[in-house]
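Report on the structure given below.
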Amino acid sequence: MGSLIKAIKMVSSKEELKKHNLHPQKKLGQNFLIDRNIANIIINTLNIKKSSVIVEIGSGLGELTHLIAAKAKKVIAVEIDTKLLDISKNLLSAYNNIEFINKDILKTSFNIPETYKVIGNIPYYITTPVILFLLDIIPRPVLFVLMIQKEVAQRLTAKSGSKVYGSLSIFVQYRCKVEIIKYIKKTAFYPQPDVNSALVKFTLLDEPPVKVKNEKLFFDIIQTGFMYRRKMLINAISRYANLGIDKKELEKAFKYLNLSPSIRAEKLSMSELADLSNHIKK
Ligand code: SAH
């Protein structure tokens, strides 16, 4: 951590809001980070170089923005709340490497020629839409770091056999290496959120970790398998999914792959689910 960063005073969200007679808006998930140690951990996780371009989702009053701007080539700060954005623009006027965008992140498109990374201390209710948005956005980021609800972080990193393993775990792990960097206490935020948090790093993979011939079929099987997670996978697919897959064909594939016919989706690893989808004849 450079001394420059240490020297920069963290914006005091509480005081700053008071000064402008503003209150944190719950409906916009405004829980400001007030813990400098956690801010430093976020900055370290981003591994910012002098050449880095960083997109920040929900820049708020600019607490993280200025730490990033001090290290990066450029910050693109996206904030939906015009009042907060204006305050942060003022506070950070000394920087000439911040582009402020007053928009909903989910309706923003980027024109970034370089590789870039994304950071977001985001409202928890938009976690899944933000992840899906970041997985699809072009050009794609190298990695994204998100502050999300602890339980969601555990679900996203879960492996087969875990109670919280689900279709979203597989969907995200098919595209990214997902790591929980640190669990974060409520006291790191003002106001304190209702739930505990985790800082999670998603590194986009160049190739999926398993070979899948038909991605639509693979994800259809996963979705149905977990939608009916208490049912045997064979029945879930043949009875409940509208996939037009014959039960006999399924039984053959299960047998060929040495899978018990009574197995449920939650017991199968991503690679077993890939094998299964690759061996089903439609
Ligand atoms: N980055 C600051 C603020 C985090 S609070 C910090 O770490 O302290 C979350 C921020 O996201 C708020 O400023 C909120 O206004 C903003 N926000 C909420 N929904 C958004 C959306 N759809 N697009 C962009 N910003 C959003």
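The values are calculated or read from the model by the stated rules, or taken from the named source; none is laboratory data. Being a predicted model, the structure only gives us computed values, none of them experimental. Note: ideal-geometry Cβ built from the backbone for every residue, glycine included; neighbour counts use all protein chains shown. Please note that ligands, DNA and RNA were not included when accessible areas were found on the heavy atoms of the full protein model with its side chains. Shrake-Rupley method; radii C 1.70, N 1.55, O 1.52, S 1.80 Å.
Kindly indicate which of Lys49, Lys89, Lys103 is open to solvent by 10 Å² or more (accessible area, probe 1.4 Å), more than 21 Å from the chain's Cα centre (by Cα), at pLDDT 95 or above and farther than 30 Å from Pro208 by Cα.
Values: Lys49 fails: farther than 30 Å from Pro208 by Cα; Lys103 fails: more than 21 Å from the chain's Cα centre (by Cα).
On inspection, the qualifying residue turns out to be Lys89.
For the range 217-265, what are the residues that are assigned to a helix (DSSP H, G or I), farther than 24 Å from Glu207 by Cβ and out of contact with any helix residue (DSSP H, G or I) (no Cβ under 7 Å at 6 or more places or on another chain)?
Answer for the range 217-265, where residues must be assigned to a helix (DSSP H, G or I), farther than 24 Å from Glu207 by Cβ and out of contact with any helix residue (DSSP H, G or I) (no Cβ under 7 Å at 6 or more places or on another chain): Met227, Asn235, Arg239, Lys248, Glu249, Lys252, Lys255.
Filtering the range 139-176 down to residues that are in contact with a Pro (Cβ under 9 Å, 6 or more places away or on another chain) and part of a loop (DSSP other than H, G, I, E, B), which residue is least open to solvent (accessible area, probe 1.4 Å)?
Of everything passing the filter in the range 139-176, Tyr174 is least open to solvent (accessible area, probe 1.4 Å).
Looking at Ser51, Ser93, which one is free of Cβ contacts under 8 Å to residues at least 24 places away in the same chain and farther than 19 Å from Leu146 by Cα? Show your work before the answer.
Details: Ser51 fails: free of Cβ contacts under 8 Å to residues at least 24 places away in the same chain.
Criteria check complete, one pass: Ser93.
Yes or no, residue by residue, for (1) of a type in the set (A, V, I, L, M); (2) more than 12 Å from the ligand (Cβ to nearest atom); (3) within 12 Å of Tyr116 (Cα to Cα); (4) in a loop (DSSP other than H, G, I, E, B):
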| residue | (1), (2), (3), (4) |
| --- | --- |
| Asn37 | no, yes, no, no |
| Asn44 | no, yes, no, no |
| His66 | no, no, no, no |
| Val75 | yes, no, yes, no |
| Leu84 | yes, no, no, no |
| Ile87 | yes, no, no, no |
| Asn90 | no, yes, no, no |
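Six or more apart or on different chains, Cβ under 6 Å: which pairs go from a residue in the range 18-29 that's not assigned by TED's automatic domain parsing to the domain that holds Lys83 and open to solvent by 60 Å² or more (accessible area, probe 1.4 Å) to one that's within 13 Å of the ligand (Cβ to nearest atom) and not hydrophobic (A, V, I, L, M, F, W, C)? Could you list them?
Listed pairs, sorted by first residue: none to list.
For the range 54-63, which positions are open to solvent by less than 10 Å² (accessible area, probe 1.4 Å) and closer than 14 Å to Phe144 by Cβ?
Residues satisfying the conditions are Ile54, Val55, Glu56, Ile57.
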